[in-house]
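To keep things clear, I will list the structure first and then write my remarks on it.
The values are calculated or read from the model by the stated rules, or taken from the named source; none is laboratory data. None of the values given here were measured: they were computed from a predicted structure. Neighbour counts run over all protein chains shown; Cβ positions are idealised from the backbone, glycine included. Only protein heavy atoms, including side chains, enter the accessible area calculation; ligands, DNA and RNA are left aside. Shrake-Rupley method; radii C 1.70, N 1.55, O 1.52, S 1.80 Å.
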Amino acid sequence: MTTAYIEVEPAFVPVQTRSERPHSFEPDDFGAPNGREVNWKHTPVEKLRALFEVASQNDGVTYEVSSDQFVGAPLAAGTAPRGEFFRPEDVVSAVAWKGAVEALHIDIPQDAEVAEPIVVTVTGQGAERRADGHIVIEAGVNSSATVLLRHLGSAQYAQNVEILVRDGAKLTVVSVQQWQDDAVHAASHQVQVGRDAALTHSVVSFGGGLVRVNPNVELAGNGAQGRLYGLSYADAGQHLESQVYLYHKGAHTVGDVLYKGALQGESAHSVWIGDVLIGADAVGTDSYEANRNLVLTEGARADSIPNLEIETGDILGAGHASATGRFDDEQLFYLQARGIDEEQARRLVVLGFLSDIVQRLGIPSLEEELMIAIEAELAEVNG
């Protein structure tokens, strides 16, 4: 009896977990996505096509910093601390690395306590203009500061933000996207948090046609803390996306992830993908991630995917949650039973839902501004 053997090529298994994704500084190593990849399948990639190649002119945005004393010398590629932690994990972040000949360096000195927010205003120069940018925010040992990134106007903008929170530092970073409706913005925020340091990182997306801001935070040092918050309000035709990655690398680290979104209008679309990895050495970790979405009208869609990987059983706690729905009928009934008309009751429910994130931002003037913006959005849906 003769036995025949058939040689079978090994099956290709696509990368599913965030920790296994490849990294490269060369855009060609990634190639242009086709929309079937795990990190692109919820994104309208055709609208991002211009960001898959380095900008030829790189004149699409201007930068203005409120406090010159915290602006360090521009950082070329290979000049520390640029690239100390940042590693592009998709073609857009590799393009931004290549295209940004010099990086803006926000340098907060050791032991400095900065009372007022350092505001970096990025202003688009037109919907057809392209820009690649890299911003480095470095909080020195035992320093304390808040950095606000504002995005206004319109452009096609590929952006990297590299954040280094040194040992014992306390840093708040808030990225606000208030673009015009035709703007396209894809950003990669990569953060390393040192021993006994604390980061609060918030992403607020209201404007822009397509906005994709992906934070990647490594709690590297023992006792590091990371609080990651997000707020989005998607209107008709808008695509607002965040893919969040929180890596507990050090022991006794604390993570809290909470993103909330509201959607109204035909084809309004939000995407949230949350990945938490508790590493083998991250004993004593306490971590939780959640995403909540409120769909206000027909035709809007929210995609929400939480993921959790745990490589050690010696932790204090870990969990994740996701919920997408319409108004809570019980809340509406409660308010209406007390004499509040339906339209006002709906307004109060939405304001209460979103104000939870607004109040965590830590910048009173911005919190007031955003509540006014939410009221304006609600006036449109009720008008």
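Are any residues in region 352-370 over 19 Å from residue 149 (Cβ atoms) and surrounded by 15 or more Cβ atoms within 10 Å (Cβ to Cβ), and if so, which ones?
Here is the first cut: in region 352-370, the ones over 19 Å from residue 149 (Cβ atoms) are 352-356, 359.
Once the filter is applied, which keeps residues that are over 19 Å from residue 149 (Cβ atoms) and surrounded by 15 or more Cβ atoms within 10 Å (Cβ to Cβ), region 352-370 yields 353, 354, 355.
Note down all Cβ pairs under 7 Å where the first residue falls in region 339-366 and is aliphatic (A, V, I, L, M), the second is in a helix (DSSP H, G or I) and modelled with pLDDT of 90 or more, and they're at least six residues apart or on different chains.
Pairs that qualify, where the first residue is aliphatic (A, V, I, L, M) and the partner is in a helix (DSSP H, G or I) and modelled with pLDDT of 90 or more, are 351/374; 354/374; 358/367; 358/370; 358/371; 361/367.
Give the residue that is most open to solvent (accessible area, probe 1.4 Å), with candidates limited to residues of region 28-69 that are more than 27 Å from residue 153 (Cα to Cα) and assigned to a helix (DSSP H, G or I).
So the residue we want is 28.
Out of the residues in region 268-298 that are among the acidic types (Asp, Glu) and within 17 Å of the chain's Cα centre (by Cα), which is surrounded by the fewest Cβ atoms within 10 Å (Cβ to Cβ)? Full working, then the answer.
Of the residues in region 268-298, the ones among the acidic types (Asp, Glu) are 275, 281, 286, 289, 298.
Filter again for within 17 Å of the chain's Cα centre (by Cα), leaving 275, 289.
Details: 275: 22, 289: 24.
So the residue we want is 275.
Would you confirm whether any residue within region 299-306 is buried (at least 16 other Cβ atoms within 10 Å of the Cβ) and β-branched (Val, Ile, Thr)?
no
Hey, residue 94 hits all of (1) closer than 18 Å to residue 132 by Cα; (2) outside any helix (DSSP H, G or I) but one; which does it fall short on?
Exception for residue 94: condition (2).
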